[in-house]
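The values are calculated or read from the model by the stated rules, or taken from the named source; none is laboratory data. What you see is a predicted model, and the numbers here were worked out from it, not measured in a lab. We place every Cβ from the backbone using ideal geometry, glycine too, and count neighbours over all the protein chains shown.
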Amino acid sequence: MSDDMKTGSMLLHADDVSVRFTTGRGTITAVDGASFSLAHGEGLGIVGETGSGKTILTRRVMGLVGPGRNTVLSGKVTMDGTELTRLSPKKLRDYWGREIAVILQDPMTSLNPVRRVGSQLMESVRYRRRLSRNEARKLAIELFRSVGLPDAERQLRRFPHELSGGMRQRVAIAIALASEPRVLLADEPTTALDVTVAARILDLLSRKQLEAGMAMILVSHDLRAVRGRTDRVIVMYAGQIVESAPTSVLFADPKVPYSRALLDSVPPRSGPNHVRLQAVPGKPPDPINPPRGCRFSPRCPYAQEKCVAEAPPLTATKEGDRLYRCWFPLGTPEGEKARKVNLERGRTATGLALVPVEGVYH
């Protein structure tokens, strides 16, 4: 971890956060020892395949995942010196909206189905910002317009079931922005939107971030969206952070083969049509019984015997600006040697057959 990340100037810090769920099959470790910091006004992207732990991590940061009979939590989340993970539900609610807000993936579960969407937004701003009813109504109309809702005044009186999925998502975004939070957790905020509206919403979030000095965590499968709107990126796999780096650095020079595979799977913006897309080989591990060593080793074209036997630690580079979890990182003599060994024998130590094609195996 860099010295900057250790200073008290950081707005939000997650320290060794873990979330485990007990099921009939066994214990699922959804998040395994994740740590990161977020500075004032910073944009942080979190990427990874479905099931990698991105959403559970952000919900734990927000306080939406609490301890229970089948849920075991550890680690802590601190904001401006206050440990959020130790607050009572009542005190935690005082932070929601004004200090930290979230945009959830599914607006049908984040909106009250029996209340008009306008009243849901107005209630929030009247409580958090002490506005009159007329002031709250004017602000609601303004926010609805800013997120691209047509005929904003009429939408105030609609119920969630009367809106399309994309319109519900825009309402949820407006509610999250209404109290001008210092930290915004945007969990796949454009999932239900078409490409044009999605770009507009992401531009809106970036503009609000700059105008208010708001810090934002953007969870997304869209690597292009993360690339253009964040300062740093965290890559998660099987509940663990496997790489963390400045956005420009990670996209130009990833250290972990999984990060490289994710970047190679992005469809190219230009070039010939009907080109076969690259895909990450294999499938994610069983969360109840993950591999003993590196969790990506069964799918990794660089995997060696050491990868199967020992779990790699999260290691900092000499410069201290990035972290990676790999025994044979890309761009190093060790990584190049592992690549050549596997290509010569045609498969990895875990039995993955290799074909030297352009993409993750190059």
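Laid out as a table, the results:
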quantity: Of all residues making up the stretch 89-111, the number that are at pLDDT 90 or above and among the polar types (S, T, N, Q); calculated: 0
quantity: Residue list for the stretch 327-349, filter: on the phi < 0 side of the Ramachandran plot and outside any helix (DSSP H, G or I); calculated: Trp327, Phe328, Pro329, Leu330, Thr332, Arg347, Thr348, Ala349
quantity: Residue selected from the stretch 220-240 under the condition assigned to a strand (DSSP E or B) and not aliphatic (A, V, I, L, M), by the criterion surrounded by the most Cβ atoms within 10 Å (Cβ to Cβ); calculated: Tyr237
quantity: Residue in the stretch 295-309 that is surrounded by 13 or more Cβ atoms within 10 Å (Cβ to Cβ), assigned to a strand (DSSP E or B) and not aliphatic (A, V, I, L, M) present; calculated: no
quantity: Unmet requirement for Leu205, which otherwise passes all of (1) under 18 Å from Ile173 (Cα atoms); (2) in contact (Cβ under 8 Å) with a residue 40 or more places away in the chain; (3) in a helix (DSSP H, G or I); (4) not acidic (Asp, Glu); calculated: (2)
quantity: Residue check for Val31: under 15 Å from Asp16 (Cβ atoms), out of contact with any Phe, Trp or Tyr (no Cβ under 6 Å at 6 or more places or on another chain), surrounded by 21 or more Cβ atoms within 10 Å (Cβ to Cβ) and among the aliphatic types (A, V, I, L, M); calculated: yes
quantity: Considering residues of the stretch 64-95 that are over 22 Å from the mean Cα position of the chain (by Cα) and among the polar types (S, T, N, Q) only, the residue farthest from Gly41 (Cα to Cα); calculated: Asn70
quantity: Within the stretch 127-174, considering residues that are surrounded by fewer than 18 Cβ atoms within 10 Å (Cβ to Cβ) and of a type in the set (Phe, Trp, Tyr), the one modelled with the lowest pLDDT; calculated: Tyr127
quantity: Residue match in the stretch 63-73 (condition: touching a helix residue (DSSP H, G or I) at 6+ places or on another chain (Cβ under 6 Å), surrounded by 13 or more Cβ atoms within 10 Å (Cβ to Cβ), in a strand (DSSP E or B) and among the hydrophobic types (A, V, I, L, M, F, W, C)); calculated: no
quantity: Filter result for Gly41 (assigned to a loop (DSSP other than H, G, I, E, B) and either surrounded by 21 or more Cβ atoms within 10 Å (Cβ to Cβ) or under 18 Å from the mean Cα position of the chain (by Cα) (or both)); calculated: yes
